[in-house]
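> I have a structure I would like to understand better, so I am pasting it below and will then ask my questions one at a time.
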Amino acid sequence: MMARMLVLRFPREIVDKPIVTNLVRNYNLTFNILKAQIYPRKEGMVVLELRGNRDDFREGVQYLKDIGVVVESIAQAIRRDEEKCYQCGACTAVCPTGALHIERPDMSVLFESERCSACELCVKACPSRAMIVTFDKNIALD
């Protein structure tokens, strides 16, 4: 199984095509859209996490490139600055994956980075700004 965060940039000629649907249907891939900005008859940009077996993933990415989509791999991760965090728990209320959760009975906030989808909701919710986004655009697509 392979999963990557990708930025897809669509030229206006193909912005109205069912590209993500084709990735699911023809290449057996699953996706989670993290951000999308599409302008009809102009251009589009989608940030998504794409998953599938290695061969299907490679073929799906090649399909995107062949039809004119610019594909950029981006590794995004969230980390917590332990010195800034004062364990208020605000982040746990917005975390969709449960990567941030409260451990009982001591009520400490735990962060399991391997469960994190890097959706950035915790970054916005954290009053102490302890949650930090990191990027690496040099990740290979294979």
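Every read-out reported here was derived from the displayed coordinates using simple, explicitly stated rules and does not represent laboratory data. Because the structure is predicted, anything quoted here is derived from the model rather than measured. So basically every Cβ, Gly included, is an ideal-geometry build from the backbone, and we count neighbours across all protein chains shown.
> For K84, go through the lysines and keep the ones whose alpha-carbon is under 22 Å away, minus same-chain ones fewer than eight residues off.
Cα-Cα hits under 22 Å: K124.
> Once Rh for the chain is found with the Kirkwood sum over Cα pairs, what is the Stokes-Einstein diffusion coefficient at 25 °C and 0.890 mPa s, in µm²/s?
The estimated diffusion coefficient comes to 147 µm²/s.
> Using a basic spin-label model with each label point 7 Å from the Cα along Cα→Cβ, how many nm lie between N53 and I74?
3.0 nm
> Please report, in debye to the nearest 20, how large the charge dipole of region 1-139 is about its Cα centre when each Lys and Arg carries +1 at its beta carbon and each Asp and Glu carries -1 there.
440 debye
> Here's another thing I want to ask about it. Under 12 Å between alpha carbons, and skipping anything fewer than 8 positions from K35 in its own chain: which aspartates and glutamates qualify?
Excluding near neighbours in sequence, the set is E49, E120.
> Right, another one. Once every DSSP H run of n ≥ 4 in the chain is given -39500 (n - 2.57) and the sum is divided by its residues, what mean residue ellipticity at 222 nm do you get, rounded to the nearest 500 deg cm²/dmol?
Result for the chain: -5500 deg cm²/dmol, rounded to the nearest 500.
> Loop sites only, by DSSP: take the GluC sites (Glu not before Pro) in the chain that have at most 13 other C-beta atoms within 10 Å and name the longest stretch containing none of them.
14-81
> If you don't mind, there's one more thing I want to ask. Sort by residue number and name the cysteines in the chain that have no neighbouring cysteine Cβ under 4.7 Å.
Those would be C85, C88, C95, C116, C119, C126, since no other cysteine Cβ in the chain comes under 4.7 Å of theirs.
> Tell me which of V7, T97, T134 sits at the most positive position along the dipole axis of the chain, charges placed on C-beta atoms (Lys, Arg +1; Asp, Glu -1).
V7
> Please give me the summed charge of the neighbours of A130: other residues whose Cβ is under 9 Å from its Cβ, Lys and Arg +1, Asp and Glu -1.
Every neighbour counted, the sum reads 0.
> Still on this structure, I have one more. Under 10 Å, Cα contacts only: if you run a Gaussian network model on the chain, which one of Y86, Y63, Y27 comes out with the highest mean-square fluctuation?
Result for the chain, Cα springs under 10 Å: Y86 fluctuates most.
> Taking neighbour counts of Cβ atoms within 10 Å as a proxy for exposure, in what order, fewest first, do V133, V61, V71 appear?
Ascending Cβ contact count within 10 Å gives the list V133, V71, V61.
> Moving on. Computed FRET efficiency, Cβ-Cβ of M2 and K42, R0 30 Å: what is it to the nearest 0.05?
After rounding to 0.05, the efficiency reads 0.45.
> To continue, here is another question. Given an 8 Å cut-off on Cα distances and at least 6 residues of separation, report the relative contact order of the chain as a percent.
Once divided by the residue count of the chain, the mean separation gives 25 percent.
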